[in-house]
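Readers should treat all values here as calculations from the given coordinates under stated rules, not as data from a laboratory. The shown structure was predicted, so the numbers you read here are calculated from the model rather than taken from an experiment. Cβ coordinates were reconstructed from backbone atoms using ideal geometry, including for glycine residues, and neighbour counts include every protein chain displayed.
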Amino acid sequence: MVLHSEVPEDRARGTEDHRSGSSAAETAVYCRGVTKEFGTGEAKVRALRGIDVHIPYGRMTLLVGPSGCGKTTLISIMAGLLDPTAGEVSLLGCDLRSLSGSRLVQFRAENIGFVFQQYNLLPSLTAVENAAVPLIIRGVRRSLAIERAMALMTEVGLRERAQALPAQLSGGQQQRVAIARALVHEPRLLVCDEPTAALDAQSGRTVMNLIRRVTVRSDRAVIVVTHDSRVFDLGDRIIAMSDGLIDNHQREAP
Ligand SMILES: Nc1ncnc2c1ncn2[C@@H]1O[C@H](COP(=O)(O)OP(=O)(O)O)[C@@H](O)[C@H]1O
Ligand SMILES: [Mg+2]
């Protein structure tokens with residue numbers, strides 16, 4: 001099930017024309033005027049102070065900035081894991097305010113894949129079984145789930161290691177299994193939060209190149225949060241944040 005709703009005209013600002021190349025239909029996520037405050041009174045933290053941003057399909061967008069500047073908060077709001085204090089979020093053509101409770105949970109499960117710094121693999125399952133988990137949870141027949149997961153294991157270059165347990169794999173290999181798991185249900189949006197933070201430079205580049213290769217297609221959007229400057233050159237597009245705001249100077253590849 002994919003939910004659709006109209007994207008209001010004004011939310012499409014900055015994307016030229018609905019009918020042309022970079023229309024709202026080609027934008028996976030829109031945030032407009034998004035703010036987020038945690039706590040109240042003396043303890044109040046203004047984590048996001050008015051964010052306008054869009055994430056296009058078909059490219060790997062990097063979200064960079066110093067620790068504490070609001071990156072995780074912003075992607076959590078984009079992915080519907082956290083409500084903004086104010087502002088609008090349109091995710092895959094759907095106004096997040098129109099979804100709540102179990103519908104939001106289902107929408108997320110069907111449309112978004114997540115990769116985190118921690119691989120969070122289940123230690124007693126093999127690599128391919130770990131990659132199959134999102135399908136098995138959704139009731140896909142086990143043999144079919146394993147077959148699809150095996151195709152992803154091949155894509156991430158781990159076909160030979162598919163029967164290994166997580167403890168028998170390196171950090172970089174475990175992260176590649178986590179990427180296979182995040183993609184096995186064919187999500188429209190892949191969200192990665194610091195996926196290379198626990199890896200050495202070489203494995204970090206391998207993982208970023210892999211994310212790029214397996215995700216960048218015209219019907220999928222990819223956002224990668226990182227403060228790992230060793231991999232900045234691998235993004236198609238960089239959005240820089242500081243102190244709860246988007247910086248003006250953004251690099252956009254041709
Ligand atoms: N659940 C929370 N409760 C209170 N403050 C929070 C919470 N989550 C994040 N913050 C604060 O919001 C700010 C932005 O945090 P975060 O989005 O995690 O930054 P980043 O991912 O860029 O390191 C920080 O000051 C952080 O301490
Ligand atoms: Mg963070």
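Rounded to the nearest 500 deg cm²/dmol, what is the calculated helix-only ellipticity per residue at 222 nm for the chain, with -39500 (n - 2.57) per DSSP H run of length n ≥ 4? The partial results should precede the final answer.
Working: 6 runs with 72 residues, N = 254.
Only helices count here, giving -9000 deg cm²/dmol.
Tell me the label-point distance for the pair Asp243, Thr35, using the 7 Å Cα-to-Cβ offset, in nm and rounded to one decimal.
In this crude label model, Asp243 to Thr35 measures out at 1.6 nm.
So, in nm, how far is label Glu160 from label Ala86 when the simple model puts each one 7 Å beyond its Cα toward the Cβ?
Taking the two extended label points, one gets 5.7 nm.
Using a simple spin-label model with points 7 Å from Cα along the Cα→Cβ vector, what separation in nm is obtained for Val133 and Val105?
For the pair Val133/Val105, the computed spacing is 1.7 nm.
Output the Cα-based Rg and Dmax of the chain in Å, rounding Rg to one decimal and Dmax to a whole number.
Calculated on Cα positions, Rg and Dmax stand at 18.2, 56 Å.
Can you tell me what percent of all Cα-Cα pairs in region 121-247 are more than 23 Å apart?
33 percent
So how do Asp219, Asp193, Asp243, Asp95 line up by other beta-carbon neighbours within 10 Å, fewest first?
Fewest-to-most ranking of Asp219, Asp193, Asp243, Asp95: Asp219, Asp243, Asp95, Asp193.
What's the extension gain from Arg97 to Ala43 if we count 0.36 nm per residue and subtract their Cα-Cα distance?
Full-extension gain reported as 16.8 nm.
Provide the net charge surrounding Arg230, with neighbours chosen by a C-beta distance below 12 Å and charges set as Lys +1, Arg +1, Asp -1, Glu -1. The partial results should precede the final answer.
Numbers: positive: Arg205; negative: Asp200, Asp228, Asp233.
Summing Lys/Arg as +1 and Asp/Glu as -1 gives -2.
Find the percent of Cα-Cα distances in region 101-191 that exceed 15 Å, and round it to a whole number. Let's see the in-between values first.
Numbers: 2236 of 4095 pairs.
Beyond 15 Å sits 55 percent of the P(r) for region 101-191.
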